[in-house]
Structure formats: structure tokens, C-alpha cells
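A short reminder: the numbers here are calculations on the coordinates, not readings from a lab. Everything quoted here is computed from the prediction, not taken from an experiment. As a convention, Cβ positions derive from the backbone with ideal geometry for all residues, glycine included, and neighbour counts pool all protein chains shown.
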Amino acid sequence: MERILGPQLGAFVHALHTQHGVVFHLEDKATAITGTTVELGTGKSLAADLVVAGVGVRPRIAIAEKAGLALDRGVLVDAYLETSTPGIFAAGDIARWPDPHSGANIRVEHWVVAERHGQTAALNMLGHHVKFTAAPYFWSQHYDVPINYVGHAESWDDLEIDGDVEARDCLVRYKQGGHLRAVASINRDVASLQAELTLERQSI
Ligand SMILES: Cc1cc2nc3c(=O)[nH]c(=O)nc-3n(C[C@H](O)[C@H](O)[C@H](O)COP(=O)(O)OP(=O)(O)OC[C@H]3O[C@@H](n4cnc5c(N)ncnc54)[C@H](O)[C@@H]3O)c2cc1C
């Protein structure tokens, strides 16, 4: 999770799982699954009753492609979640929309975003003409530790930590060019909601 959350939270999550008995093979790759083992690139062999492969997802865009909708690693939509074909809307994991907070066209795979997209797309199908302006949000639960993340920061030039990551009481701010792009928090729900408001008010 270091790529998304930064080195401090990444190391924290790593340590938390290790304390619960998880063994990481971070510099290694699975090269084969034999039925009772997983073979690794470095030659190690892991006994396995069950293999869960978390290898990412790809949007299924064949129908959108056949329909002639504009695509960009997903279905492109405007601020109203309308595709390049008037009257056709896209929402959730498949939609790449102009995020007013980062100024970029983004596609995210978060439950709450899909839910809020659905609400906005439905209103627009009914002719309300409302822009999607919510800041993306996701949670990630690790044992008894909840991590909440608001915003969208694929990179940052400044990372500030309030509180204490180890003590499971912190708010991490990811900034780019002096602007807040995202916050991650553990057990700081009020501060996380306040940051969500800040992000939503500083639309580009
Ligand atoms: C393992 C896993 C863990 C996750 N954990 C979290 C988490 O902790 N927090 C979080 O915020 N998000 C999490 N997510 C992401 C979250 O589940 C998704 O962002 C959300 O479900 C997206 O909703 P959606 O409606 O856009 O897409 P989906 O839920 O994928 O729904 C799309 C539906 O369209 C159907 N479909 C596809 N093609 C066709 C077709 N041609 N015709 C008809 N139907 C079709 C599919 O069968 C599917 O039912 C997780 C996802 C996974 C896979």
C-alpha cells in the first residue's frame, strides 16, 4: 500500500499483518500453481490448500466499444457522468470522469464512489443536470484497524502526519504544489470528514 498511502502507512500495514502471522514475499513473484504448492521465482515453494489471487481488475468495455462510446481505459464521461453519446451515462468502476479536485480525468474503484456516481447519474437521467463533485472516498479494514482515505493523490510532493501512526491515531495529508490532494486517517473520523469538506471546497 506504500504506492497509495506513502512509506509510513505502508510500513505500518506491513508490520500489522506480520504481527498477525502473515509472511510476505515482496521481492518475489508467483510463477506456477501446481495444485498443492505455489512456486516462486526465487525457487521457493509454498504449500497451499487455497490460493487467492488479487491481481487487479480491468473494466469490461466491449459493449461500450461496440456502441461507439469514447473510451480511455474505461468509459469517458463528462462532469454529469454522460458519455460521448447523449442520453447514455456511465457510473462506478467503469467511468473515467473529470475530477474537479485534481483537475484530472480519473477512474477509481471504490464502493462509495460507485454509489454516489449512481445517484448523480440517476438524477441526470431525470434531467436535473447536476455535476459530480464528491471527493473520492474509500475505507480499508485491517483486523481492528480502519484506514479511511479521501481525495485522489497519485503522487505528492509533501506528506504531513498529524498524530502517531504506530498508536493508530493519525491523519496523513498528501499535498501537491501546496494544495491538499488527499488525506488518510486512522481513528480520526471527524478530521477526515473536515478534510473531505476542505477538498470539496477547493475545486479547480
Ligand atoms: C476483492 C475486492 C475488494 C474490494 N474492497 C473494497 C474496499 O475495501 N473499499 C472500497 O471502497 N471498495 C472496494 N472494492 C471496490 C468496490 O467493490 C467497487 O468499486 C464497486 O463494487 C464498483 O461498483 P460498480 O457498480 O461500478 O461495479 P460492479 O460492482 O463490478 O458491478 C458491475 C456489474 O455489471 C455486470 N456486468 C458486466 N458486464 C455486463 C454486461 N455486458 N451486461 C450486463 N451486466 C454486466 C457485472 O456482472 C457486475 O454485476 C473492492 C473490490 C474487490 C473486487
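Taking only alpha carbon atoms, segment 15-64 gives an Rg to Rh ratio of 1.12, where Rh is the Kirkwood radius.
Among W97, W111, what is the fewest-to-most ranking by other Cβ atoms within 10 Å?
Starting with the residue having the fewest Cβ neighbours, the order is W111, W97.
Between E39 and Q176, the simple spin-label model (points 7 angstrom out along Cα→Cβ) gives 4.2 nm. D by Stokes-Einstein for the chain, Kirkwood Rh over Cα pairs, 37 °C, 0.692 mPa s: 170 µm²/s.
For R96, the residues whose modelled amide H falls within less than 5 Å of its own, excluding neighbours fewer than 5 places apart on the same chain, are V75, L76, V77. Only lysines eight or more places from K44 in sequence, or on another chain, were considered; those with a Cα closer than 18 Å are K29. Ordering Y174, Y80 by the number of other Cβ atoms within 10 Å of each residue's own Cβ, fewest first, gives Y80, Y174.
Put a plus charge on the Cβ of each Lys and Arg, a minus charge on the Cβ of each Asp and Glu, and nothing anywhere else: the dipole of segment 134-204 about its Cα centre is then about 220 debye. Per-residue 3J(HN,Hα) values for segment 107-122, derived from phi via the Karplus relation 6.51 cos²θ - 1.76 cosθ + 1.60 with θ = phi - 60°, read 10, 10, 10, 10, 4, 5, 5, 4, 5, 6, 4, x, 5, 5, 4, 5 Hz in sequence order (x marks Gly and Pro). Ranked for footprinting exposure by Cβ neighbours inside 10 Å, fewest first, D72, D93 give D72, D93. Using just its DSSP H runs of length 4 or more, each adding -39500 (n - 2.57), the chain gives a mean residue ellipticity at 222 nm of -7000 deg cm²/dmol after division by all residues.
Divided by 2.2 N^0.38 Å, where N counts the residues, the Cα radius of gyration of segment 62-125 comes to 1.01.
Do you know the relative contact order of the chain, to the nearest whole percent, from alpha carbon pairs under 8 angstrom that are 6+ apart?
13
Multiplying the residue separation of M1 and R168 by 0.36 nm and removing their Cα-Cα distance gives an extension gain of 58.5 nm. Taking trypsin sites (Lys or Arg not before Pro) as exposed when DSSP calls them loop and at most 10 other C-beta atoms lie within 10 angstrom, the chain has its longest site-free stretch at 61-204. Projecting the Cα atoms of G163, N148, H129 onto the charge dipole of segment 120-172 (Cβ charges, centred on the Cα centre) puts H129 farthest toward the positive pole. Simple point charges give the picture: +1 on the Cβ of Lys and Arg, -1 on the Cβ of Asp and Glu, and for the chain a dipole about the Cα centre of about 560 debye. Between S155 and E115, residue separation times 0.36 nm minus the direct Cα-Cα distance comes to 11.9 nm.
The Cα center of segment 136-165 and the Cα center of segment 3-58 differ in position by 22 Å. Projected onto their three principal axes, the Cα atoms of segment 1-100 cover extents of 54, 35, 20 Å, largest first. The longest part of the chain holding none of the exposed loop GluC sites (Glu not before Pro), meaning those outside H, G, I, E and B in DSSP with at most 15 other Cβ atoms within 10 Å, is 28-108.
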